[in-house]
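Reading through the structure tokens given below for one structure.
The values are calculated or read from the model by the stated rules, or taken from the named source; none is laboratory data. Quick caveat, the model's predicted, so the values are computed rather than measured. Quick reminder, even Gly has a Cβ in these numbers, built from the backbone with ideal geometry, and neighbours come from all protein chains shown.
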């Protein structure tokens, strides 16, 4: 069995705490949920699924090469969002909410650029990468059952414009993730500094 692998930008501990605190305002309205542990909050760049060790080593090399060609930059965590949005889909399935996330603003466009460069490198390893538009975010909770999504959506809309934290992206981290009864355990396989 392979190692469950993803690439991410970490956010610092104070930003993690601020984001978790904002998410706690919505938790009572979200029904049955599974929260992401505060220390696990991050911006996923690519999720790759299960990889064997030689491929994981190649992924770490790609991440290091891409990171070396990019300068550190800042991004902002601003507001919360309920997904899918009310306008997504139609009928009963379209109204069912699945997660709450913190929005990521990428004013320089550098996060999207890193995502695209990583995608090209990973495709060169014959790994499947998502083709849908990159929407950087930080997942706060996954919703198992919410009997009434309307109050949750309204509360999220009231928090849509709050500035939660400004963060510095200075390295791409390749993580392996082990699923346990107490939640996932993320272990860095490589930390790849930007700009060196």
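Candidates in the range 177-196 are the residues that are outside any strand (DSSP E or B) and under 17 Å from residue 142 (Cα atoms); of these, the one that is modelled with the lowest pLDDT is 182. Identify all residues within the range 171-184 that are within 28 Å of residue 107 (Cβ to Cβ) and in contact with a helix residue (DSSP H, G or I) (Cβ under 9 Å, 6 or more places away or on another chain); write none if there are none. Passing the criteria: 171, 172, 173, 174.
Here the range 24-37 is the region considered, the condition is being part of a strand (DSSP E or B) and over 16 Å from the mean Cα position of the chain (by Cα), and the residue that is surrounded by the most Cβ atoms within 10 Å (Cβ to Cβ) is 33. Within the range 11-23, being out of contact with any helix residue (DSSP H, G or I) (no Cβ under 9 Å at 6 or more places or on another chain) and not in a helix (DSSP H, G or I) holds for one residue alone: 12. Scan the range 113-140 for residues that are outside any helix (DSSP H, G or I), touching a helix residue (DSSP H, G or I) at 6+ places or on another chain (Cβ under 6 Å) and more than 19 Å from residue 10 (Cβ to Cβ) and the total you get is 2.
Annotation: residue 106 fulfils all but one of (1) more than 18 Å from the chain's Cα centre (by Cα); (2) crowded, with 17+ Cβ neighbours inside 10 Å; the unmet one is (1).
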